[in-house]
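First comes the structure, then the notes that go with it.
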Amino acid sequence: MKKVEYSQECLKNGFSCSQAVLSAFLGQFDLDKDAVLRIASAFGGGMGGQGEVCGAVSAAFMILGLRYGSAGRHDDEEREKIGNKARMFMDKFKSLKGSIFCRELLGADIGTSEGLKMAEAQAVFETVCPQVVGCSVEIIEEIIFED
């Protein structure tokens, strides 16, 4: 199964957008699946359901950190590389989706009870979120593939 399909299937099975994106790349890193899913769980719904930075974006940055980051002090070259990769992701995501903020992507501020009710009534979690998750996965694959 391709990463995009896998991540979208995760959403259907009740995982958050951040969990879906991050778990699609587990095979590329030596990480404990349960730990990764727990770490990513707080980022869903735009940072804990507050409608801020989309969890699919947050997970993409986690993946970039896993792929290009360092566990020690960064030298200038490493900082530049990870910064460039992050900018590449951000620029492409914004150009395709218009925003990195959950509330803007969904068209509802899910950080409020009224906005959450509206989002649920419009079924945006079933329509918008799979597209956003797929977009995030595709961009990460492009960035990693370039290397």
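Computed from the coordinates by the stated procedures, all read-outs in this text should not be read as laboratory data. These figures come from a predicted structure and were not determined experimentally. Note: ideal-geometry Cβ built from the backbone for every residue, glycine included; neighbour counts use all protein chains shown.
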Can you list the trypsin sites (Lys or Arg not before Pro) in the stretch 1-107 that are in a DSSP coil and have 16 or fewer other beta carbons within 10 angstrom?
K2, R73
Could you work out how far apart the two model spin labels at S95 and R67 are, taking each label as a point 7 Å from the Cα in the direction of the beta carbon, and quote it in nm?
1.7 nm
State, to one decimal in nm, how far the label point of E142 lies from the label point of A42, with both points 7 Å from Cα in the Cβ direction.
3.1 nm
Percent of C-alpha pairs per 5 Å bin, the stretch 1-42, short to long:
5, 28, 35, 24, 8, 0
With an 8 Å Cα cut-off and a minimum separation of 6 or more residues, compute the relative contact order for the stretch 22-101 in percent.
24 percent
Give me the net charge for the shell around G72: Cβ to Cβ below 13 angstrom, other residues only, Lys and Arg +1, Asp and Glu -1.
0
Along its three principal axes, how long is the stretch 3-146 when you only count alpha carbons? Whole Å, largest extent first please.
47, 30, 24
Helix check for the chain. Which DSSP H runs span at least 30 Å along their own axis by Cα, with a mean Kyte-Doolittle hydropathy no less than -0.5?
124-146
Skipping prolines and chain starts, which residues have an amide H placed within reach, meaning under 5 Å, of the one on F101, given they are 5 or more residues away or on another chain?
C54
With a sphere of radius 14 Å drawn around the Cβ of K81, what net charge do the other residues whose Cβ falls strictly inside it have (Lys, Arg +1; Asp, Glu -1)?
-3
If you take every residue apart from I63 with its C-beta less than 11 Å away from the C-beta of I63, what net charge results, scoring Lys and Arg +1 and Asp and Glu -1?
+2
Subtracting the Cα-Cα distance from 0.36 nm times the residue separation, let me have the gained length for K2 to D75 in nm, one decimal.
22.8 nm
Of the stretch 45-70, those with amide N under 16 Å from the point 7 Å along the Cα→Cβ vector of F29 are 55-70
Which whole-number percent gives the relative contact order of the chain, counting Cα pairs below 8 Å spaced six or more residues apart?
27 percent
